[in-house]
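Notes follow once the structure below has been shown.
The values are calculated or read from the model by the stated rules, or taken from the named source; none is laboratory data. Keep in mind that what you see is a predicted model, and the values were worked out from it rather than measured. Virtual Cβ from ideal backbone geometry, glycine too; neighbours counted across all protein chains shown. Heavy atoms of the whole protein, side chains included, go into the accessibility calculation; ligands, DNA and RNA do not. Shrake-Rupley method; radii C 1.70, N 1.55, O 1.52, S 1.80 Å.
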Amino acid sequence: MAGGSGTRFWPRSRRRLPKQLLPVASARTLLQETTDRLVRVVDASRILVVTHRDHAAAVRRQLPQIPGRNVLVEPASCNTAPCLALAALEIARRDPDATFVSVPADHAIADARAFQATILEALAWAQHEPSAVTIGIQPTAPETGFGYIRVGDRLGGRTFRVRAFVEKPSLARARRYVASGEYLWNSGMFAWRTATVLDLLDRHLAAVTGPLRRALAAPQRARAAALARAYATITPISIDHGVMEKAAGVLVVRGAFGWNDIGSWAALGDLALAQKGGAPVVAIDAARYVVSSPERLVALVGVDDLIVVDAPDALLICHRERAQDVRKVVQELEQRGLDAYL
């Protein structure tokens, strides 16, 4: 899933070059790193990428090993449920009995081998059980920016039944979740048989799958226009809200592979990556900062918990605790018609 806009990574992330297409965690882009991990599990010819039409050309350039027909193009951003519905319908057309895993393209993972082992365990359960299988992350802190999964009975290995999907909590509640040992972070990664996910989508989001089925039945030459009409009728909704919170019998595989969703600039401080490959940073009596400045030296004096991001046409300075609010800058730019900065 490579259709995100990455607004919380402004000013580096822009409409034409969102976060997943940027080299955030290494010299390779997040999309390329995601693909590098997956080709050790499945051949490149069986990897599909769903992206926005504005980014399809860049995706194909960054992933020359992926067949061009495997880049599925969305005409509009409608969140993860329509994205997964489009992918599942295409996979079902090619291989009705397939089992597949869906992963976001903008996550950082430290231990690729542990990630691959977790993916294989999830796929094995999904292949033999008529259930959706999600991957939960062992919490390392009481994060309030993630959804949580409450686990139930262990089925074997690292796999449990899901008792409930939980919305992003307050800090006090997140602390209770972590202390209880009963909760995992919701990673947004799933494994399922194609028939399983389509049954869930048809049952809970027929307003999504119906228009998409009709659009994909159109002749190839008319399909892009048909998809555009279909997406115009779809209300954006996530797979969690639209399906998973209502589904029964969901399983979760507990993962521990150094996962970070790179949800904001603050995440780079946790990864200790922001200063690599950029200009020098001089910090005098400063701590817990995140600096991204490819060209210019940045000096910090007597300040803590700051994020500083220098781009050719914009400069971001914010408190680290307000990193999630960077998207409000993008909203303000949109309202003021300052499209040159988007």
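A compact table of results
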| item | result |
| --- | --- |
| Selection count where residues are surrounded by 19 or more Cβ atoms within 10 Å (Cβ to Cβ) and among the charged types (D, E, K, R), scope the range 74-92 | 1 |
| Count - residues of the range 310-322 that are in contact (Cβ under 8 Å) with a residue 40 or more places away in the chain, farther than 27 Å from LYS168 by Cα and open to solvent by less than 60 Å² (accessible area, probe 1.4 Å) | 2 |
| Failed condition for ALA57, given (1) closer than 25 Å to TRP192 by Cα; (2) among the aliphatic types (A, V, I, L, M); (3) part of a helix (DSSP H, G or I); (4) open to solvent by 30 Å² or more (accessible area, probe 1.4 Å) | (1) |
| Lone qualifier among VAL291, VAL303 - being without any contact (Cβ under 8 Å) to a residue 24 or more places away in the chain, over 30 Å from TYR183 (Cβ atoms) and surrounded by fewer than 20 Cβ atoms within 10 Å (Cβ to Cβ) | VAL303 |
| Residue within the range 120-131 that is under 21 Å from ALA98 (Cβ atoms), among the polar types (S, T, N, Q), open to solvent by 60 Å² or more (accessible area, probe 1.4 Å) and part of a helix (DSSP H, G or I) present | yes |
| The range 15-29: number of residues that are in a loop (DSSP other than H, G, I, E, B) and either touching a Pro at 6+ places or on another chain (Cβ under 9 Å) or of a type outside the set (Lys, Arg) (or both) | 9 |
| Complete set of residues in the range 59-77 that are within 16 Å of GLY6 (Cβ to Cβ) and touching a Pro at 6+ places or on another chain (Cβ under 9 Å) | GLU74, SER77 |
| Close pairs from the range 205-225: first under 28 Å from HIS241 (Cβ atoms) and free of Cβ contacts under 8 Å to residues at least 40 places away in the same chain, partner buried (at least 16 other Cβ atoms within 10 Å of the Cβ) and among the aromatic types (Phe, Trp, Tyr), Cβ under 8 Å, at least 6 apart | PRO211/TYR231 |
| Identity of the residue in the range 247-265, within 17 Å of GLY152 (Cβ to Cβ) and in a loop (DSSP other than H, G, I, E, B), that ends up most open to solvent (accessible area, probe 1.4 Å) | ALA248 |
| Candidates LEU63, LEU48, filtered to the one that is open to solvent by less than 40 Å² (accessible area, probe 1.4 Å), out of contact with any His (no Cβ under 9 Å at 6 or more places or on another chain), farther than 24 Å from VAL326 by Cβ and of a type outside the set (Lys, Arg) | LEU63 |
| Residue in the range 267-275 that is within 28 Å of ARG93 (Cβ to Cβ), open to solvent by less than 20 Å² (accessible area, probe 1.4 Å) and part of a loop (DSSP other than H, G, I, E, B) present | no |
| Selection from the range 298-322 of residues that are in a helix (DSSP H, G or I) and either at pLDDT 95 or above or touching a Lys or Arg at 6+ places or on another chain (Cβ under 7 Å) (or both) | ARG320 |
| Cβ pairs under 9 Å, 6+ apart, first in the range 323-338 and under 27 Å from ASP304 (Cβ atoms), second aromatic (Phe, Trp, Tyr) and not in a helix (DSSP H, G or I) | ALA323/TRP265; VAL326/TRP10; VAL326/TRP265; ARG327/TRP10; VAL329/TRP10; VAL330/TRP10 |
| Any helices (runs of 4 or more DSSP H) falling wholly within the range 138-221 and containing at least 3 residues that are under 23 Å from LEU123 (Cβ atoms) | 194-204 |
| Residues within the range 1-33 that are within 17 Å of ARG61 (Cα to Cα) and within 16 Å of the chain's Cα centre (by Cα), tallied | 15 |
| Among (1) at pLDDT 95 or above; (2) out of contact with any Asp or Glu (no Cβ under 9 Å at 6 or more places or on another chain); (3) surrounded by fewer than 22 Cβ atoms within 10 Å (Cβ to Cβ) - the single one TYR183 does not satisfy | (3) |
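Every residue, every condition in (1) within 21 Å of ARG223 (Cβ to Cβ); (2) in contact (Cβ under 8 Å) with a residue 40 or more places away in the chain; (3) not in a loop (DSSP other than H, G, I, E, B), yes or no:
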{"position": "LEU31", "(1), (2), (3)": "no, yes, yes"}
{"position": "ARG69", "(1), (2), (3)": "yes, no, yes"}
{"position": "LEU72", "(1), (2), (3)": "yes, no, yes"}
{"position": "PRO82", "(1), (2), (3)": "yes, yes, yes"}
